[in-house]
1. Within region 60-81, can you find the residues that are more than 17 Å from Lys16 (Cα to Cα), touching a helix residue (DSSP H, G or I) at 6+ places or on another chain (Cβ under 8 Å) and in a loop (DSSP other than H, G, I, E, B)?
2. From the list Asn36, Asn56, Asn74, which one is out of contact with any Lys or Arg (no Cβ under 8 Å at 6 or more places or on another chain), open to solvent by 70 Å² or more (accessible area, probe 1.4 Å), within 30 Å of Asn13 (Cβ to Cβ) and at pLDDT 95 or above?
3. Looking at Ser108, Ser48, Ser103, Ser41, which one is exposed (fewer than 12 other Cβ atoms within 10 Å of the Cβ) and polar (S, T, N, Q)?
4. Taking region 82-100, which residues are outside any loop (DSSP other than H, G, I, E, B) and open to solvent by less than 80 Å² (accessible area, probe 1.4 Å)?
5. Which residue pairs have Cβ atoms under 9 Å apart, sit 6 or more places apart or on different chains, and have a first residue in region 80-98 that is without any contact (Cβ under 8 Å) to a residue 24 or more places away in the chain and a second that is small (Gly, Ala, Ser) and open to solvent by less than 50 Å² (accessible area, probe 1.4 Å)?
6. Go over the candidates Ile27, Ile64 one by one and state the one that is under 30 Å from Leu15 (Cα atoms), open to solvent by 40 Å² or more (accessible area, probe 1.4 Å) and touching a residue at least 24 places away in the same chain (Cβ under 8 Å).
7. Residues of region 39-53 being under 13 Å from Leu11 (Cβ atoms), free of Cβ contacts under 8 Å to residues at least 24 places away in the same chain and among the polar types (S, T, N, Q), which ones?
Amino acid sequence: MARKQKDDVKLKNRLKDIIKEEKVSAILVGLWADVNKATVSAWNSNTSQPNDINLNKVGELFEIDNRMLLQADNRVKTGLAQALQEELNRLTKIEGIPTYINSIDNVSGNNVKMNNPILVKALKDFAENYKLNSK
């Protein structure tokens, strides 16, 4: 699997800064997490990210909450969740779009309830327009 380009990585870690703050080596981090130094180097440059198990190992090493290892996204609150809830209420109560639909499970052949794809698409479209108009 190819490494993601730096611009493609959505979640970023603070490992390089923490290693510097704690005055330890990347070699120690690699040994503690039982990964090679190239992996730690990729984490440091944010070209790849530690999985949940390795993130936990690094948090254990530095004795910090795993969330402290991650860089904040600095999202701006626009009221999207509330607006989506109001749109959901409108779509289901006024427009009468059902939340769930019945479908046949391909493996078992049983009737199962699933999220209504029409409702999901309507909510995604609403969110996209909301974000464009919130800028």
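The values are calculated or read from the model by the stated rules, or taken from the named source; none is laboratory data. What you are looking at is a predicted structure, and each value in this text was computed from that prediction instead of being measured. Glycine also receives a Cβ, built like all others from the backbone with ideal geometry; neighbour counts cover every protein chain displayed. Side chains included, ligands, DNA and RNA excluded: accessible areas come from the protein's heavy atoms. Shrake-Rupley method; radii C 1.70, N 1.55, O 1.52, S 1.80 Å.
1. Thr78
2. None of the other options fit; the residue is Asn56.
3. When all the criteria are applied, what remains is Ser108.
4. Answer for region 82-100, where residues must be outside any loop (DSSP other than H, G, I, E, B) and open to solvent by less than 80 Å² (accessible area, probe 1.4 Å): Ala83, Leu84, Glu87, Leu88, Asn89, Leu91, Thr92.
5. Pairs found: Glu95/Ala122.
6. One residue alone meets the criteria, Ile64.
7. Residue satisfying the conditions is Asn51 alone.
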